[in-house]
Amino acid sequence: MGETIDFKEVFRLIRRRAFIILFVGILGALASGVVTYYVIEPTYESSTQLLINRTSAGEEEENSAAEISQLQADLAMMRSYQVMITSPVVLDKVITELGLSVSPEELAEQVTVSSEAESQIIQITVEDDKVEQSVKLANTIAGTFQSEVVSLMNVDNVNIMTESTVNGSEEIETNVLLSILLAFVGGIVAGTILVFIVEYFDRTVKNEKEAEQLLDLPVLVTIDTIDKKNRLFRKLQKDDHSLVSPVKGRGTKSVETQERAN
């Protein structure tokens, strides 16, 4: 029974403070829209593709066992190459060549390396808030990786198939509607929490029921709020009654007239 009463009080509080909750939600949505449109810079992504040549088996090894072994070697090589592209070995040289003021770890967060299953193509995708910089990064990473494979693995099997260009770059679209919706929901939650906090620290007694609960005593009398205008009117009315009193059969006479008559 106690829990039901508590839930009812919660719903009453939310209904009573619904304007504040909605105001905070709308304010959050408006702030999200302004930030998304005018503050957050657009992000661009540029891609370059590498073709990895596979070594062919000799005629004497062309059997099923050799093919399986070669396939496993190719898969291991592709995985190694993908890890190598975002390693400090490659990215340190890219940072030095382009004069960047970021760490290899920070640059690696901008780079995505992908490859389709059983494909000889590795795609390097770079994100940046400047389209020219994203193009430059993608092409420099590809060229540096191609050179490092030769020097580190003594294998010259990496060819740049397609280079990144400004025209081929794409702007990553921000889902503005989703951002505004999430901000509105977040504002509603924040507004509700704010209302509960204010209510928690508000120690005033708001109604008879709350007074009964706090004092554990029945309420016998309630006094309405009297504003200044009502008090002035009642005072004038009281003064008027003290000066004028009804006289039966003769309308009204002043108190002073009645005293003289006596």
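The values are calculated or read from the model by the stated rules, or taken from the named source; none is laboratory data. Here the structure is a predicted model, which is why all the values come from computation and not from measurement. Virtual Cβ from ideal backbone geometry, glycine too; neighbours counted across all protein chains shown.
If the requirement is being over 23 Å from S119 (Cα atoms) and assigned by TED's automatic domain parsing to the domain that holds V83, which of these qualifies: S151, S164, S147? Within the list S151, S164, S147, the selection yields S151.
In this entry, E148 is excluded by the filter for residues that are free of Cβ contacts under 8 Å to residues at least 40 places away in the same chain and either out of contact with any Leu (no Cβ under 7 Å at 6 or more places or on another chain) or of a type in the set (D, E, K, R) (or both).
Within the stretch 73-95, which residues are crowded, with 16+ Cβ neighbours inside 10 Å and among the hydroxyl-bearing types (S, T, Y)? Of everything in the stretch 73-95, those that are crowded, with 16+ Cβ neighbours inside 10 Å and among the hydroxyl-bearing types (S, T, Y) turn out to be Y81, T86. Just wondering, is there one or more residues in the stretch 153-172 that are part of a helix (DSSP H, G or I) and farther than 30 Å from F7 by Cα? Taking every residue of the stretch 153-172 in turn, at least one turns out to be part of a helix (DSSP H, G or I) and farther than 30 Å from F7 by Cα. Per this entry, T112 is not counted among residues that are under 18 Å from L50 (Cα atoms) and touching a helix residue (DSSP H, G or I) at 6+ places or on another chain (Cβ under 9 Å).
Quick check, is L22 surrounded by fewer than 15 Cβ atoms within 10 Å (Cβ to Cβ), part of a strand (DSSP E or B) and modelled with pLDDT of 85 or more? So L22 does not fit the description; no.
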